[in-house]
There are 2 protein chains.
Amino acid sequence: MSTQHGGGAAPGAAGPIDDVSKAIIEQLQEDGRRSYANIGKAVGLSEAAVRQRVQKLTDSGVMQIVAVTDPLQLGFSRQAMLGIKADDDLVAVADRIAALNQVDYCLVTAGSFDILAEVICANDDDLLRLITRIRGIDGVLSTETFMYLSLRKQEYNWGTR
Amino acid sequence: MSTQHGGGAAPGAAGPIDDVSKAIIEQLQEDGRRSYANIGKAVGLSEAAVRQRVQKLTDSGVMQIVAVTDPLQLGFSRQAMLGIKADDDLVAVADRIAALNQVDYCLVTAGSFDILAEVICANDDDLLRLITRIRGIDGVLSTETFMYLSLRKQEYNWGTR
DNA sequence: AGTGAAACGACCGTAGA
DNA sequence: TCTACGGTCGTTTCACT
């Protein structure tokens, strides 16, 4: 679970990230398995120094190195963003929605929706069941569904541009 | 760029992913730098076989191993989803929006918005400038802003649950 | 926080079932 | 598509700056 936007104080609180660490992150955004020695050559640091910095960055939650997948190729062909209106404690409602397996992204927002949730399903039946279930969650007043038709951009490289 | 939802045919078209490959993906979702030998022990395969499968999975775009970062800890404190109405060629408009640096996620949807775009900015000034710019893009009719208040869930582990 | 060196382990190409 | 093996390179630990 992330710590962004109210999820709690940063665990490591590593302070501002310097340019060398940003350069390291940039390398790992291109290829999460690039060797420390290689990164060291690119950023002008020894292999051991790179490794220490990567350790710190991951420990403090600034960065994590993970596999990200293409839902379509894994058989999940229905993706949608749900705009949700809720009452009372929005965080509590959002957490109940976030607890669902098919929800991969969930947050409290300011605007005409209180909560946004991205969901991913194998087919229309699953999606319909999921929406029905979310509408039955305590505190959920209404949902509006935005079916994904064409994903045009999805980037993971933050803070290094 | 992803190939999901109309972005083009799957490059590798690797066919259905079997359970062993899913197990490998699962390992790499936990830790993108886990050694192939280690993964091999977990899934019952030799190091070389794991390596070949990972190669195929990444080449075909089923999976990529990357560093993902926490925008907040990198000094980007304003995040929002924009719901956009547009005319004519939605894909063309979405691509113009997607071309902007601060846009990290952009897609064409079915629903009361035509396009959704997630944006990330250092501060309110940057965000305001960005929204103004998007509203000036050819084909954009209107935008609605959903400011992120509290991120409750963000998961990258797809297809292995 | 960084470097350098030596032992260890991972990675990669190739050959073969 | 997998296993087996040897050469190469990356990683890890530790002593030092």
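Output the direction-averaged projected area (hull surface divided by four) of the convex hull of the alpha-carbon atoms of the protein assembly as shown, in nm².
For the protein assembly as shown, the mean projected area of the Cα convex hull comes to 16.6 nm².
Per residue and in Å³, how big is the convex hull formed by the alpha-carbon atoms of segment A:11-151?
149
One-quarter of the Cα convex hull surface for segment B:34-90, in nm²?
7.5
Can you give me the C-alpha center-to-center distance between segment B:120-161 and segment B:43-117, rounded to a whole angstrom?
Each part reduced to its Cα centre gives a spacing of 13 Å.
Using a 1.4 Å probe over the heavy atoms of the protein chains, calculate the carbon and sulfur portion of the accessible area of the protein assembly as shown as a whole percent.
Result for the protein assembly as shown: 47 percent of the exposed heavy-atom area is carbon or sulfur.
Between chains A and B, what is the buried accessible area in Å², counting both sides, with a 1.4 Å probe and ligands, DNA and RNA left out, to the nearest 100?
7700
Starting from the Cα of B:ASN101, step 7 Å along the direction of its Cβ; do the same at A:ASP126; then give the gap between the two resulting points in nm.
3.8
Given Cα pairs under 8 Å that are at least 6 residues apart, what percent is the relative contact order of segment A:73-161?
Relative contact order of segment A:73-161: 39 percent.
Give the peptides B:129-140, A:71-82 in descending order of average Cβ contacts within 10 Å, highest first.
My ranking of the peptides, most packed first, is A:71-82, B:129-140.
Nearest 20 debye, what's the magnitude of the dipole of chain B about its Cα centre given +1 on Lys and Arg Cβ and -1 on Asp and Glu Cβ?
For this selection, approximately 500 debye.
Quick one: accessible area per residue over chain B, 1.4 Å probe, rounded to a whole number of Å²?
Here the residues of chain B average 45 Å² of exposed surface.
Need one value for B:101-111: mean number of C-beta atoms belonging to other chains within 10 Å of its residues' C-beta atoms.
Other-chain Cβ atoms within 10 Å of each residue's Cβ, averaged: 6.
Write down the radius of gyration of segment A:71-147 and its Dmax, each obtained from C-alpha positions, in Å.
In order Rg, Dmax, the Cα atoms of segment A:71-147 give 11.8, 39 Å.
What average number of partner chain Cβ atoms lie no more than 10 Å from the Cβ of the residues making up B:71-81?
6
Show the residues, 5+ positions off or on another chain, whose built amide H is closer than 5 Å to the amide H of A:THR109.
Correct list: A:ILE115, A:LEU116, B:LEU149.
The values are calculated or read from the model by the stated rules, or taken from the named source; none is laboratory data. Note that the coordinates shown come from a computational prediction; the quantities given were computed from them, not determined experimentally. Don't worry about glycine lacking a Cβ; one is built from the backbone with ideal geometry, like all the others, and counts go over all protein chains shown. Areas reflect the complete protein model, heavy atoms only, side chains present, ligands, DNA and RNA absent. Shrake-Rupley method; radii C 1.70, N 1.55, O 1.52, S 1.80 Å.
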